[in-house]
Amino acid sequence: VWGMCTVTGNFAKVIHGLNANQLTDQVIQRSKRMILDTLGVGLLGTSTEVFHKVAQYSKIYSSDLSSTIWGHLDFRPPPLYAAFVNGVAVHSMDFDDTWHPATHPSGAVLPALIALSEAFPQKKKISGLDLLLAFNVGIEVQGRLLHFSREARNIPTRFHPPAVVGTMGSAAACAKLLALDQQECKNALAIAASYAGAPLANAATQIKPLHVGNAARHGLEAACLALQGLQGNKQILDMESGMGAFYTDYNPQTLPTLQSYPWLLDQQDVAIKRFPAHLATHWVADAASSVRRKLVESSESLLPTDKIEKVILKVPEVTYVNRPSPASEHEARHSFQFVACSALLDGGMSVQSFASENIHRPALRELLCKTQLEHPPDNAPSFDSLYCQVNVTLRDGSTISDRCTTFYGHWRKPLEKEDLEKKFQSNTLDILPTEAMEGIIETVYNLEKVEDCSVLSTFLAGQSARALPEKLHFL
(Lines give C-alpha, C1' and ligand atoms only; values in the text may rest on other atoms or scores of the structure.)
Protein backbone atom coordinates (compact mmCIF):
# COMPACT_ATOMS: atom_id res chain seq x y z
CA VAL A 1 0.00 0.00 0.00
CA TRP A 2 2.85 2.37 0.89
CA GLY A 3 4.06 2.08 -2.73
CA MET A 4 1.03 4.04 -3.92
CA CYS A 5 2.00 6.96 -1.65
CA THR A 6 5.24 7.56 -3.55
CA VAL A 7 5.64 10.20 -6.25
CA THR A 8 6.53 7.35 -8.63
CA GLY A 9 3.33 5.47 -7.78
CA ASN A 10 1.37 8.69 -8.15
CA PHE A 11 2.84 9.36 -11.63
CA ALA A 12 2.00 5.78 -12.65
CA LYS A 13 -1.58 6.30 -11.46
CA VAL A 14 -1.94 9.52 -13.47
CA ILE A 15 -0.30 8.12 -16.62
CA HIS A 16 -2.59 5.09 -16.43
CA GLY A 17 -5.68 7.05 -15.42
CA LEU A 18 -5.79 10.10 -17.70
CA ASN A 19 -8.34 9.80 -20.51
CA ALA A 20 -9.19 11.67 -23.69
CA ASN A 21 -12.23 13.39 -22.14
CA GLN A 22 -9.83 15.31 -19.90
CA LEU A 23 -8.02 16.98 -22.81
CA THR A 24 -9.14 20.62 -22.92
CA ASP A 25 -9.79 22.41 -26.21
CA GLN A 26 -6.71 24.57 -25.72
CA VAL A 27 -4.47 21.57 -25.00
CA ILE A 28 -5.79 19.86 -28.15
CA GLN A 29 -5.19 22.99 -30.25
CA ARG A 30 -1.71 23.61 -28.87
CA SER A 31 -0.64 20.00 -29.18
CA LYS A 32 -1.88 19.82 -32.79
CA ARG A 33 0.30 22.84 -33.61
CA MET A 34 3.25 21.10 -31.94
CA ILE A 35 2.60 17.89 -33.88
CA LEU A 36 2.36 19.69 -37.23
CA ASP A 37 5.52 21.69 -36.54
CA THR A 38 7.44 18.63 -35.38
CA LEU A 39 6.50 16.65 -38.49
CA GLY A 40 7.62 19.57 -40.67
CA VAL A 41 11.00 20.06 -39.04
CA GLY A 42 11.51 16.29 -39.00
CA LEU A 43 10.78 16.02 -42.72
CA LEU A 44 13.18 18.89 -43.46
CA GLY A 45 15.73 17.22 -41.17
CA THR A 46 15.82 14.19 -43.47
CA SER A 47 17.96 16.32 -45.79
CA THR A 48 20.80 16.68 -43.23
CA GLU A 49 24.11 14.85 -43.04
CA VAL A 50 23.48 13.58 -39.51
CA PHE A 51 20.15 12.08 -40.63
CA HIS A 52 21.83 10.26 -43.54
CA LYS A 53 24.46 8.81 -41.21
CA VAL A 54 21.99 7.46 -38.63
CA ALA A 55 19.61 6.23 -41.37
CA GLN A 56 22.51 4.34 -42.98
CA TYR A 57 23.38 2.86 -39.58
CA SER A 58 19.78 1.75 -38.92
CA LYS A 59 19.71 -0.25 -42.18
CA ILE A 60 21.65 -3.06 -40.49
CA TYR A 61 18.54 -3.87 -38.43
CA SER A 62 15.46 -5.60 -39.72
CA SER A 63 12.51 -7.46 -38.21
CA ASP A 64 8.99 -8.56 -39.09
CA LEU A 65 7.68 -5.35 -37.53
CA SER A 66 8.67 -2.16 -39.30
CA SER A 67 7.84 1.56 -39.23
CA THR A 68 8.10 4.51 -41.60
CA ILE A 69 11.14 6.71 -41.98
CA TRP A 70 9.61 10.14 -42.59
CA GLY A 71 10.01 11.29 -46.18
CA HIS A 72 11.20 7.84 -47.34
CA LEU A 73 9.46 4.94 -49.02
CA ASP A 74 12.64 2.97 -49.72
CA PHE A 75 13.33 1.37 -46.35
CA ARG A 76 11.47 0.59 -43.12
CA PRO A 77 13.51 -0.29 -40.02
CA PRO A 78 12.05 -1.83 -36.86
CA PRO A 79 9.96 0.59 -34.74
CA LEU A 80 12.79 1.33 -32.28
CA TYR A 81 15.11 2.47 -35.05
CA ALA A 82 12.39 4.42 -36.85
CA ALA A 83 11.78 6.29 -33.57
CA PHE A 84 15.53 6.92 -33.29
CA VAL A 85 16.14 8.07 -36.87
CA ASN A 86 13.01 10.27 -37.03
CA GLY A 87 13.85 11.74 -33.61
CA VAL A 88 17.33 12.62 -34.88
CA ALA A 89 15.74 14.25 -37.95
CA VAL A 90 13.47 16.40 -35.74
CA HIS A 91 16.42 17.90 -33.81
CA SER A 92 19.01 17.73 -36.60
CA MET A 93 18.79 21.48 -37.29
CA ASP A 94 17.61 22.69 -33.87
CA PHE A 95 14.35 23.73 -35.54
CA ASP A 96 11.95 21.95 -33.14
CA ASP A 97 9.81 23.47 -30.39
CA THR A 98 11.12 24.67 -27.02
CA TRP A 99 9.25 24.82 -23.72
CA HIS A 100 9.65 26.43 -20.31
CA PRO A 101 11.20 25.12 -18.09
CA ALA A 102 13.69 24.49 -20.86
CA THR A 103 13.45 21.40 -23.04
CA HIS A 104 12.46 20.36 -26.58
CA PRO A 105 9.30 18.44 -25.69
CA SER A 106 7.78 17.11 -28.93
CA GLY A 107 10.73 15.47 -30.68
CA ALA A 108 11.25 12.98 -27.87
CA VAL A 109 7.63 11.81 -27.91
CA LEU A 110 6.05 12.04 -31.38
CA PRO A 111 8.52 9.85 -33.34
CA ALA A 112 8.18 7.10 -30.73
CA LEU A 113 4.36 7.20 -30.81
CA ILE A 114 4.12 7.19 -34.60
CA ALA A 115 6.60 4.31 -34.90
CA LEU A 116 4.76 2.38 -32.17
CA SER A 117 1.32 3.01 -33.69
CA GLU A 118 2.48 1.30 -36.91
CA ALA A 119 3.57 -1.78 -34.96
CA PHE A 120 0.10 -2.58 -33.60
CA PRO A 121 -1.74 -5.48 -35.26
CA GLN A 122 -4.19 -4.44 -38.01
CA LYS A 123 -7.27 -5.23 -35.95
CA LYS A 124 -6.16 -2.86 -33.18
CA LYS A 125 -6.48 0.56 -34.78
CA ILE A 126 -4.92 3.53 -32.98
CA SER A 127 -7.19 6.55 -33.38
CA GLY A 128 -6.08 10.15 -33.68
CA LEU A 129 -7.51 10.76 -30.21
CA ASP A 130 -5.42 7.87 -28.79
CA LEU A 131 -2.36 9.51 -30.34
CA LEU A 132 -3.26 12.97 -28.98
CA LEU A 133 -3.82 11.62 -25.47
CA ALA A 134 -0.54 9.66 -25.39
CA PHE A 135 1.34 12.65 -26.85
CA ASN A 136 -0.04 14.95 -24.16
CA VAL A 137 0.77 12.45 -21.40
CA GLY A 138 4.36 12.44 -22.69
CA ILE A 139 4.51 16.25 -22.74
CA GLU A 140 2.90 16.55 -19.30
CA VAL A 141 5.34 14.14 -17.62
CA GLN A 142 8.30 16.13 -19.00
CA GLY A 143 6.88 19.41 -17.70
CA ARG A 144 6.07 18.03 -14.25
CA LEU A 145 9.57 16.56 -13.85
CA LEU A 146 11.15 19.88 -14.89
CA HIS A 147 9.10 21.65 -12.19
CA PHE A 148 10.83 19.51 -9.52
CA SER A 149 13.98 21.64 -9.89
CA ARG A 150 14.44 25.41 -9.75
CA GLU A 151 17.64 25.22 -11.77
CA ALA A 152 15.67 23.60 -14.62
CA ARG A 153 13.95 26.96 -15.20
CA ASN A 154 17.17 28.35 -16.63
CA ILE A 155 18.96 27.40 -19.82
CA PRO A 156 20.79 24.17 -18.87
CA THR A 157 24.48 23.94 -18.01
CA ARG A 158 25.21 20.23 -17.42
CA PHE A 159 22.70 17.81 -18.97
CA HIS A 160 20.74 18.36 -22.19
CA PRO A 161 17.11 18.21 -20.93
CA PRO A 162 15.56 16.13 -23.77
CA ALA A 163 17.99 13.35 -22.90
CA VAL A 164 16.73 13.43 -19.30
CA VAL A 165 13.03 14.34 -19.19
CA GLY A 166 12.44 13.53 -22.89
CA THR A 167 13.34 9.90 -22.27
CA MET A 168 10.88 9.78 -19.37
CA GLY A 169 8.16 11.53 -21.40
CA SER A 170 8.60 9.12 -24.29
CA ALA A 171 8.30 6.16 -21.90
CA ALA A 172 5.12 7.61 -20.36
CA ALA A 173 3.59 8.32 -23.79
CA CYS A 174 4.38 4.82 -25.08
CA ALA A 175 3.12 3.28 -21.82
CA LYS A 176 -0.15 5.14 -22.40
CA LEU A 177 -0.48 3.97 -26.02
CA LEU A 178 0.29 0.37 -24.94
CA ALA A 179 -2.31 0.70 -22.13
CA LEU A 180 0.15 -0.48 -19.48
CA ASP A 181 -1.20 -1.00 -15.96
CA GLN A 182 0.06 1.03 -12.99
CA GLN A 183 2.82 -1.42 -12.04
CA GLU A 184 4.04 -1.54 -15.63
CA CYS A 185 3.96 2.27 -15.84
CA LYS A 186 6.18 2.44 -12.76
CA ASN A 187 8.59 -0.02 -14.33
CA ALA A 188 8.61 1.87 -17.64
CA LEU A 189 9.69 5.02 -15.74
CA ALA A 190 12.38 3.08 -13.86
CA ILE A 191 13.77 1.52 -17.05
CA ALA A 192 13.70 4.88 -18.87
CA ALA A 193 15.63 6.55 -16.03
CA SER A 194 18.50 4.13 -16.63
CA TYR A 195 18.62 5.29 -20.25
CA ALA A 196 18.46 9.00 -19.36
CA GLY A 197 21.06 11.76 -19.51
CA ALA A 198 23.52 13.22 -22.01
CA PRO A 199 26.16 15.90 -21.38
CA LEU A 200 25.68 19.39 -22.80
CA ALA A 201 29.26 19.40 -24.12
CA ASN A 202 27.96 17.72 -27.27
CA ALA A 203 25.77 20.73 -28.08
CA ALA A 204 26.73 22.45 -31.36
CA THR A 205 27.90 19.13 -32.82
CA GLN A 206 26.25 16.40 -34.88
CA ILE A 207 25.72 14.46 -31.64
CA LYS A 208 23.13 16.79 -30.07
CA PRO A 209 20.34 15.55 -32.41
CA LEU A 210 21.08 12.00 -31.17
CA HIS A 211 19.89 13.10 -27.71
CA VAL A 212 16.36 13.54 -29.07
CA GLY A 213 16.50 10.39 -31.21
CA ASN A 214 17.72 8.38 -28.24
CA ALA A 215 15.03 9.82 -25.96
CA ALA A 216 12.33 8.71 -28.43
CA ARG A 217 13.83 5.26 -28.94
CA HIS A 218 14.73 4.56 -25.31
CA GLY A 219 11.32 5.63 -24.03
CA LEU A 220 9.69 3.24 -26.50
CA GLU A 221 12.11 0.50 -25.48
CA ALA A 222 11.43 1.12 -21.77
CA ALA A 223 7.66 0.78 -22.28
CA CYS A 224 8.09 -2.42 -24.34
CA LEU A 225 10.39 -3.95 -21.71
CA ALA A 226 7.94 -3.02 -18.95
CA LEU A 227 5.21 -4.76 -20.96
CA GLN A 228 7.45 -7.87 -20.94
CA GLY A 229 7.45 -7.71 -17.14
CA LEU A 230 10.91 -6.23 -16.54
CA GLN A 231 11.03 -4.62 -13.08
CA GLY A 232 13.03 -1.66 -11.75
CA ASN A 233 13.17 0.55 -8.67
CA LYS A 234 9.61 1.39 -7.62
CA GLN A 235 10.65 4.82 -6.27
CA ILE A 236 12.72 6.07 -9.19
CA LEU A 237 11.13 9.56 -9.12
CA ASP A 238 11.34 9.83 -5.32
CA MET A 239 15.03 9.27 -4.79
CA GLU A 240 18.07 11.53 -4.98
CA SER A 241 19.88 8.61 -6.57
CA GLY A 242 16.98 8.23 -9.04
CA MET A 243 15.77 11.21 -11.09
CA GLY A 244 17.41 13.39 -8.45
CA ALA A 245 20.82 12.38 -9.83
CA PHE A 246 20.35 14.87 -12.69
CA TYR A 247 19.63 17.94 -10.49
CA THR A 248 21.29 19.61 -7.50
CA ASP A 249 17.96 20.84 -6.11
CA TYR A 250 15.52 18.02 -6.88
CA ASN A 251 12.24 18.25 -4.96
CA PRO A 252 9.60 15.79 -6.23
CA GLN A 253 5.89 16.43 -5.64
CA THR A 254 2.74 14.42 -6.26
CA LEU A 255 0.59 15.41 -9.23
CA PRO A 256 -2.86 17.03 -9.02
CA THR A 257 -5.78 14.63 -8.69
CA LEU A 258 -7.23 13.06 -11.83
CA GLN A 259 -10.58 14.85 -11.41
CA SER A 260 -10.47 17.93 -13.67
CA TYR A 261 -6.75 17.44 -14.23
CA PRO A 262 -4.85 20.71 -14.92
CA TRP A 263 -2.47 20.21 -17.88
CA LEU A 264 0.76 22.20 -17.88
CA LEU A 265 0.35 22.84 -21.62
CA ASP A 266 -2.83 24.76 -20.74
CA GLN A 267 -0.78 27.08 -18.52
CA GLN A 268 2.40 27.29 -20.59
CA ASP A 269 2.58 27.18 -24.41
CA VAL A 270 5.72 26.28 -26.38
CA ALA A 271 7.90 28.51 -28.55
CA ILE A 272 7.90 27.62 -32.25
CA LYS A 273 11.01 28.69 -34.17
CA ARG A 274 11.06 30.72 -37.39
CA PHE A 275 14.64 29.69 -38.21
CA PRO A 276 16.76 26.67 -37.21
CA ALA A 277 18.99 27.71 -34.30
CA HIS A 278 19.18 27.68 -30.51
CA LEU A 279 16.18 29.48 -29.03
CA ALA A 280 18.27 32.15 -27.26
CA THR A 281 19.51 33.41 -30.65
CA HIS A 282 15.95 34.32 -31.72
CA TRP A 283 15.94 37.46 -29.55
CA VAL A 284 19.27 38.48 -31.11
CA ALA A 285 17.93 37.98 -34.64
CA ASP A 286 14.90 40.21 -34.10
CA ALA A 287 16.93 42.98 -32.43
CA ALA A 288 19.65 42.86 -35.11
CA SER A 289 17.09 42.95 -37.93
CA SER A 290 15.54 46.07 -36.37
CA VAL A 291 18.96 47.75 -36.12
CA ARG A 292 19.58 46.99 -39.80
CA ARG A 293 16.32 48.67 -40.77
CA LYS A 294 17.55 51.82 -39.01
CA LEU A 295 20.95 51.61 -40.76
CA VAL A 296 19.95 51.12 -44.39
CA GLU A 297 17.41 52.89 -46.61
CA SER A 298 15.80 49.81 -48.14
CA SER A 299 15.82 46.06 -47.64
CA GLU A 300 17.79 45.73 -50.92
CA SER A 301 20.65 47.95 -49.73
CA LEU A 302 23.92 46.46 -48.54
CA LEU A 303 24.92 47.02 -44.93
CA PRO A 304 27.72 49.65 -44.82
CA THR A 305 30.10 47.33 -42.93
CA ASP A 306 33.09 49.62 -43.53
CA LYS A 307 31.35 52.33 -41.46
CA ILE A 308 30.80 49.98 -38.49
CA GLU A 309 33.27 50.32 -35.63
CA LYS A 310 31.86 47.64 -33.31
CA VAL A 311 28.79 45.55 -32.52
CA ILE A 312 27.86 44.92 -28.88
CA LEU A 313 25.35 42.20 -27.97
CA LYS A 314 23.81 42.40 -24.50
CA VAL A 315 22.71 38.82 -23.86
CA PRO A 316 22.44 36.42 -20.91
CA GLU A 317 25.47 34.33 -20.09
CA VAL A 318 24.98 31.05 -21.95
CA THR A 319 28.42 29.54 -22.42
CA TYR A 320 27.54 27.11 -25.19
CA VAL A 321 25.85 29.80 -27.32
CA ASN A 322 28.88 32.11 -27.05
CA ARG A 323 30.83 31.25 -30.22
CA PRO A 324 32.78 34.17 -31.68
CA SER A 325 33.95 32.27 -34.77
CA PRO A 326 31.76 29.27 -35.64
CA ALA A 327 33.31 26.81 -38.09
CA SER A 328 30.34 24.52 -38.82
CA GLU A 329 26.58 24.83 -39.28
CA HIS A 330 26.06 23.21 -35.86
CA GLU A 331 28.33 25.80 -34.20
CA ALA A 332 26.63 28.61 -36.16
CA ARG A 333 23.23 27.48 -34.84
CA HIS A 334 24.66 27.90 -31.32
CA SER A 335 26.27 31.32 -31.76
CA PHE A 336 24.82 34.64 -30.60
CA GLN A 337 27.51 36.34 -32.67
CA PHE A 338 26.81 34.49 -35.91
CA VAL A 339 23.04 35.07 -35.76
CA ALA A 340 23.46 38.77 -34.93
CA CYS A 341 25.90 39.35 -37.81
CA SER A 342 23.81 37.32 -40.28
CA ALA A 343 20.66 39.25 -39.39
CA LEU A 344 22.53 42.56 -39.68
CA LEU A 345 23.83 41.61 -43.14
CA ASP A 346 20.67 39.98 -44.52
CA GLY A 347 17.84 41.62 -42.59
CA GLY A 348 16.63 38.32 -41.14
CA MET A 349 17.36 34.61 -40.69
CA SER A 350 16.28 31.55 -42.66
CA VAL A 351 17.18 27.91 -43.24
CA GLN A 352 19.67 29.12 -45.88
CA SER A 353 21.54 31.34 -43.39
CA PHE A 354 23.35 28.22 -42.16
CA ALA A 355 24.54 27.00 -45.57
CA SER A 356 28.31 26.65 -45.74
CA GLU A 357 28.73 29.47 -48.29
CA ASN A 358 26.90 31.87 -45.95
CA ILE A 359 28.81 30.83 -42.83
CA HIS A 360 32.18 31.41 -44.51
CA ARG A 361 31.51 34.59 -46.52
CA PRO A 362 34.11 37.35 -45.97
CA ALA A 363 31.59 40.10 -45.06
CA LEU A 364 30.27 37.96 -42.20
CA ARG A 365 33.75 37.07 -40.93
CA GLU A 366 34.68 40.76 -40.98
CA LEU A 367 31.61 41.66 -38.93
CA LEU A 368 32.21 38.79 -36.47
CA CYS A 369 35.64 40.29 -35.70
CA LYS A 370 33.95 43.53 -34.60
CA THR A 371 31.38 41.80 -32.38
CA GLN A 372 31.52 41.50 -28.59
CA LEU A 373 29.17 40.10 -25.98
CA GLU A 374 28.17 41.77 -22.72
CA HIS A 375 26.21 40.05 -19.93
CA PRO A 376 24.09 42.56 -17.99
CA PRO A 377 23.43 41.28 -14.44
CA ASP A 378 19.64 41.69 -14.90
CA ASN A 379 19.59 39.43 -17.98
CA ALA A 380 18.98 35.97 -16.47
CA PRO A 381 19.46 32.91 -18.74
CA SER A 382 15.76 31.99 -18.76
CA PHE A 383 13.68 31.62 -21.91
CA ASP A 384 10.83 33.27 -20.03
CA SER A 385 12.61 36.51 -19.13
CA LEU A 386 15.79 36.99 -21.17
CA TYR A 387 16.24 39.93 -23.57
CA CYS A 388 18.76 40.96 -26.17
CA GLN A 389 20.04 44.40 -27.02
CA VAL A 390 22.12 45.03 -30.14
CA ASN A 391 24.26 48.20 -30.19
CA VAL A 392 26.04 49.09 -33.42
CA THR A 393 28.64 51.88 -33.04
CA LEU A 394 29.65 53.63 -36.27
CA ARG A 395 33.04 55.18 -37.08
CA ASP A 396 31.50 58.65 -36.71
CA GLY A 397 30.80 57.83 -33.05
CA SER A 398 27.03 57.42 -33.32
CA THR A 399 25.31 54.33 -31.94
CA ILE A 400 22.19 52.63 -33.24
CA SER A 401 20.51 50.12 -30.99
CA ASP A 402 17.42 48.01 -30.53
CA ARG A 403 16.19 45.65 -27.84
CA CYS A 404 14.03 42.54 -28.19
CA THR A 405 12.18 41.22 -25.13
CA THR A 406 9.80 38.83 -26.94
CA PHE A 407 10.42 37.53 -30.47
CA TYR A 408 7.64 36.42 -32.83
CA GLY A 409 7.16 32.68 -32.21
CA HIS A 410 7.75 32.91 -28.43
CA TRP A 411 4.84 31.72 -26.22
CA ARG A 412 3.99 35.34 -25.44
CA LYS A 413 3.73 36.10 -29.18
CA PRO A 414 2.72 32.78 -30.83
CA LEU A 415 2.96 32.21 -34.58
CA GLU A 416 -0.29 32.86 -36.42
CA LYS A 417 -1.88 29.76 -37.94
CA GLU A 418 -0.94 30.84 -41.47
CA ASP A 419 2.72 31.35 -40.51
CA LEU A 420 2.82 27.94 -38.82
CA GLU A 421 1.44 26.43 -42.04
CA LYS A 422 3.91 28.38 -44.18
CA LYS A 423 6.77 27.01 -42.09
CA PHE A 424 5.44 23.47 -42.51
CA GLN A 425 4.96 23.90 -46.27
CA SER A 426 8.39 25.38 -46.89
CA ASN A 427 10.00 22.67 -44.73
CA THR A 428 8.34 19.85 -46.68
CA LEU A 429 8.33 21.39 -50.16
CA ASP A 430 11.33 19.41 -51.46
CA ILE A 431 10.66 16.31 -49.35
CA LEU A 432 7.03 15.33 -50.04
CA PRO A 433 4.62 15.55 -52.96
CA THR A 434 2.00 18.31 -52.50
CA GLU A 435 -0.82 15.80 -51.93
CA ALA A 436 1.03 14.14 -49.05
CA MET A 437 1.92 17.52 -47.55
CA GLU A 438 -1.71 18.67 -47.68
CA GLY A 439 -2.82 15.27 -46.36
CA ILE A 440 -0.68 15.73 -43.25
CA ILE A 441 -2.05 19.23 -42.59
CA GLU A 442 -5.64 18.04 -42.93
CA THR A 443 -5.05 14.93 -40.81
CA VAL A 444 -3.34 16.84 -38.00
CA TYR A 445 -6.00 19.57 -37.92
CA ASN A 446 -8.69 16.87 -37.63
CA LEU A 447 -6.66 14.50 -35.47
CA GLU A 448 -9.27 14.04 -32.73
CA LYS A 449 -11.71 12.83 -35.42
CA VAL A 450 -9.32 10.46 -37.25
CA GLU A 451 -10.29 6.78 -36.81
CA ASP A 452 -6.94 5.26 -37.79
CA CYS A 453 -3.85 7.41 -37.33
CA SER A 454 -1.72 5.12 -39.56
CA VAL A 455 -2.96 7.44 -42.33
CA LEU A 456 -0.33 9.88 -41.00
CA SER A 457 2.47 7.40 -41.66
CA THR A 458 1.22 6.82 -45.20
CA PHE A 459 1.46 10.56 -45.89
CA LEU A 460 4.79 10.84 -44.03
CA ALA A 461 6.27 8.22 -46.36
CA GLY A 462 5.28 10.46 -49.26
CA GLN A 463 2.27 8.50 -50.51
CA SER A 464 -0.94 10.22 -51.54
CA ALA A 465 -4.46 9.59 -50.32
CA ARG A 466 -5.05 7.24 -53.26
CA ALA A 467 -2.88 4.71 -51.44
CA LEU A 468 -5.41 4.50 -48.61
CA PRO A 469 -9.04 4.98 -49.67
CA GLU A 470 -10.26 2.88 -46.75
CA LYS A 471 -8.20 4.61 -44.06
CA LEU A 472 -9.15 8.25 -44.44
CA HIS A 473 -12.22 8.14 -42.23
CA PHE A 474 -13.06 10.94 -39.88
CA LEU A 475 -15.33 9.85 -37.04
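Here's the picture: a label point sits 7 Å out from the Cα of GLU240 along the beta-carbon direction, and within region 119-161 the residues with their amide nitrogen under 20 Å of it are 146-152, 158-159. Accessible surface of THR257, taken over heavy atoms with a 1.4 Å probe and every protein chain present, rounds to 90 Å². The C-alpha atoms of region 231-349 occupy a region whose extents along the principal axes are 64, 34, 24 Å, arranged from largest to smallest. Anisotropy class assigned to region 4-51 is oblate, per the alpha carbon gyration tensor with a/c at or over the 1.5 cut-off and a/b no larger than b/c. Sorted largest first by accessible area at a 1.4 angstrom probe radius, with every protein chain in place, the residues GLU438, GLU140, GLU366, GLU297 fall in the order GLU297, GLU438, GLU366, GLU140. Largest first, the residues ASP346, ASP269 sort by 1.4 Å accessible area into ASP346, ASP269. Here the Karplus relation 6.51 cos²θ - 1.76 cosθ + 1.60, evaluated at θ = phi - 60°, turns the backbone of region 235-252 into coupling constants of 10, 4, 8, 8, 9, 5, 8, x, 4, x, 4, 8, 9, 8, 9, 6, 9, x Hz, with x for every Gly and Pro.
Along region 331-337 the Karplus relation, 6.51 cos²θ - 1.76 cosθ + 1.60 evaluated at θ = phi - 60°, assigns HN-Hα couplings of 5, 4, 5, 10, 9, 3, 5 Hz to successive residues, with x for each Gly and Pro. Split the accessible area of region 136-235 by element, probe 1.4 Å, and carbon with sulfur accounts for 50%. Of the solvent-accessible surface of region 280-343, computed with a 1.4 Å probe and all protein chains present, 46% belongs to carbon and sulfur. Entry comment: accessible area of region 239-368 is 41 Å² per residue, from protein heavy atoms only and a probe of 1.4 Å. Classified by the C-alpha gyration tensor, the chain has a prolate form. Its axis ratio a/c, with a ≥ b ≥ c, is 1.5 or above, and a/b is larger than b/c. DSSP beta bridges fully contained in the chain are about 75 percent antiparallel.
Solvent exposure of region 39-177 amounts to 28 Å² per residue of accessible area, where only protein heavy atoms count and the probe is 1.4 Å.
Evaluated with a Cβ-only charge set (Lys, Arg +1; Asp, Glu -1), the chain carries a dipole of roughly 420 debye about its Cα centre, given to the nearest 20.
What is the distance, in nm, between label points placed 7 Å from the Cα along the Cα-to-Cβ direction at GLU317 and at GLU297? Computed distance between label sites GLU317 and GLU297 equals 4.5 nm. A crude spin-label estimate for the pair THR24 and LEU258, with each label 7 Å from Cα along the Cβ direction, gives 2.0 nm.
Expressed as a whole percent, the accessible area of region 345-475 that falls on carbon and sulfur atoms is 50 (1.4 Å probe).
Taking a ≥ b ≥ c as the square roots of the Cα gyration tensor eigenvalues, with a/c under 1.5 meaning rounded and otherwise prolate when a/b beats b/c, else oblate, which class fits region 406-465? Verdict is oblate for region 406-465.
The values are calculated or read from the model by the stated rules, or taken from the named source; none is laboratory data. The model shown is predicted, which means the values in this text are computed figures rather than measured ones. So basically every Cβ, Gly included, is an ideal-geometry build from the backbone, and we count neighbours across all protein chains shown. Heavy atoms of the whole protein, side chains included, go into the accessibility calculation; ligands, DNA and RNA do not. Shrake-Rupley method; radii C 1.70, N 1.55, O 1.52, S 1.80 Å.
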